[in-house]
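*Asks:* Pasting a structure below so you can have a look.
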Amino acid sequence: MSPDSAPGRLTIDLAALADNWRALAGLAAPGRCAAVVKADAYGIGLDRAAPALWAAGARTFFVAHLGEGLFARRLLPPEAEIYLLNGLEAGADPADYREHRLKPAIGSLEELARWSAFAARAGSPAPCALHLDTGMSRLGFSSLEALGAAMETHGALCGAGLLMSHFVSSEIPDDPLNALQIARFAAARAAFPHLSASLANSSGIFLPERPIYDLARPGYALYGGNPTPGRPNPMRPVVTLTVAVQQTRWIEAGATCGYNAQWTARRRTRLATLSAGYADGLPRGAGATDSRPGAEVAFAGRRCPLVGRVSMDLTIADVTDLPEDAVTAGSRAELFGAAVELDDFAARSGTIGYQALTSLGGRYRRDYAQGK
Ligand SMILES: *Cc1c(COP(=O)(O)O)cnc(C)c1O
């Protein structure tokens, strides 16, 4: 419960989210376009994101865990198709999936055997996806042979409708792994021609090979992340984070700031202390140190660097080059949004935008904008 006066504020633009989905759906056509809404819709709030995406036209949704699927099911109309990327969870009852029409992405012989045994007991196939590992070594059948053998033994009742795999490096278009994975996936499609096929995440949609097939699975780009790093971001920003200044001060050249004195002022310096820190999900390394630069924030569009270690509840900005009256107690710094790109903030903080979004803390006030 954050009061209206909370120093950190998230503005989440649901109209931009809907626009981003429509833009990606246009690129995926004639294939269909799903919406990946795992991890509370990448931190923006599944309760608001799922209905907005449905209204935009999304009909197929992907979450990671069973608990997320149960929550998504309550938020979406009954016709919504919901897949669970993490598969049939250890210890979970397949009946819970079936009762709520949640389709696990089955990724091992053991999962397939459990799923099919359940279907046999129930007397009818239970819908699911099949997940083939084409290079990630994380989830999914380890090879087409392993998948084929498992399907021979247990496939009759499994109710599979979708074949999926996941890219390792689709944000790097010239990584040779992309072509290798596309070739492996093509072989699997040929072996299971009756299944719908899904391979592309956000960046995969933009690969020159256009590996869309029947269904694209974007997540990050929906939320305004750049699916084409190093090139202009084709998506609209969805999330804006601003944090209020608590204090400002002047320090002399040679003084340091923050824990372990990681940053030293080279000149007389004006600092602004912002009321958010790593407990709010800001990367601890977002501030510059004496040996490397850090992230930049913006006051009314004017950028300045973060300096020193981010602390639990506070972060320091060097505002020396901004007019003194532009930054006072209560002024708001934009950490990312329209003035500072999410990907830029994250990269300069030593992380990725995915992590910056999914770490957004519980102390921020959240404003959902429907506007234009
Ligand atoms: C998270 C995830 C996606 C979405 O990826 P983005 O890069 O966020 O678009 C798609 N497929 C799988 C298997 C995932 O785990």
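Every number in this text was worked out from the coordinates using simple rules, so none of it is lab data. The structure displayed is predicted, hence computed values, not measured ones. Here the Cβ is made from the backbone with ideal geometry for all residues, glycine too, and neighbour counts use every protein chain on show.
*Asks:* Through the Karplus equation 6.51 cos²θ - 1.76 cosθ + 1.60, θ set to phi - 60°, convert the phi angles of the range 319-324 into ³J(HN,Hα) values in whole Hz; use x for Gly and Pro.
*Replies:* Once rounded to whole Hz, the list reads 10, 3, 8, 9, x, 4.
*Asks:* List the residues, sorted by chain then number, that are 5 or more residues from L163 or on another chain and whose placed amide H is less than 5 Å from its amide H.
*Replies:* Distant-sequence amide H within range of L163: L130, S196, A197, S198.
*Asks:* Return one number: the angle in degrees, 0 to 90 and rounded to the nearest 10, between the long axis of the Cα atoms of helix 46-56 and the longest principal axis of the Cα atoms of the chain.
*Replies:* Compared with the principal axis, the helix lies near 70 degrees.
*Asks:* With a cap of 16 neighbouring Cβ atoms within 10 Å, and only residues DSSP puts in a loop, list the trypsin sites (Lys or Arg not before Pro) found in the range 84-139.
*Replies:* When the trypsin sites (Lys or Arg not before Pro) of the range 84-139 are filtered for loop state and at most 16 Cβ neighbours within 10 Å, R101, R138 remain.
*Asks:* Between 0 and 90 degrees, rounded to the nearest ten: what's the tilt of helix 66-75 against the longest Cα principal axis of the chain?
*Replies:* 80
*Asks:* Okay, moving on. For the chain, which longest stretch is free of loop sites, where a loop site is one of the GluC sites (Glu not before Pro) that DSSP puts outside H, G, I, E and B and that has at most 10 other Cβ atoms within 10 Å?
*Replies:* Answer - 80-251.
*Asks:* So who's got an amide H within less than 5 Å of the one on T320, skipping anything under 5 residues away but keeping other chains? H placed 1.01 Å off N, in plane.
*Replies:* The list, which skips near neighbours in sequence, is R270.
*Asks:* I need the phi-derived Karplus couplings for the range 294-300: 6.51 cos²θ - 1.76 cosθ + 1.60, θ = phi - 60°, integer Hz, Gly and Pro marked x.
*Replies:* Taking θ as phi minus 60°, the curve returns x, 7, 10, 10, 10, 9, 6 Hz for the range 294-300.
*Asks:* Projected onto the charge dipole of the range 283-356 (+1 at Lys/Arg Cβ, -1 at Asp/Glu Cβ, origin at the Cα centre), which of A298, A333, A346 gives the Cα projection farthest towards the positive end?
*Replies:* A346
*Asks:* Now for a different question. Taking the chain as the reference, fit the longest principal axis to its C-alpha atoms, fit the long axis of helix 14-28 to the helix C-alpha atoms, and give the angle between the two in degrees, 0 to 90, nearest 10.
*Replies:* Helix 14-28 sits at roughly 50 degrees to that axis.
*Asks:* Through the Karplus equation 6.51 cos²θ - 1.76 cosθ + 1.60, θ set to phi - 60°, convert the phi angles of the range 116-125 into ³J(HN,Hα) values in whole Hz; use x for Gly and Pro.
*Replies:* Per-residue couplings from phi come out as 6, 4, 5, 4, 5, 5, 6, x, 7, x Hz.
*Asks:* Oh, and also: Can you compute the charge dipole magnitude of the chain about its Cα centre, using +1 on each Lys and Arg Cβ and -1 on each Asp and Glu Cβ, nothing else charged? Give it in debye, rounded to the nearest 20.
*Replies:* 480
*Asks:* Might you report the magnitude of the Cβ-based charge dipole of the range 239-369 about its Cα centre, with Lys and Arg at +1 and Asp and Glu at -1, to the nearest 20 debye?
*Replies:* Working: 15 positive and 14 negative charges, 49 e Å.
So the magnitude is around 240 debye.
*Asks:* Magnitude of the Cβ-charge dipole of the range 55-135, K/R +1 and D/E -1, about the Cα centre, nearest 20 debye?
*Replies:* Using only the charged Cβ atoms, the result is roughly 260 debye.
*Asks:* Using a Gaussian network for the chain with springs between C-alpha atoms less than 10 Å apart, which of these wobbles most: P237, P78, P323?
*Replies:* P323
*Asks:* Of all DSSP beta bridges in the range 146-301, what percent run antiparallel (nearest 5)? Intermediate values should be presented prior to the final figure.
*Replies:* Details: 8 of 11 bridges.
Antiparallel: roughly 75 percent of the beta bridges in the range 146-301.
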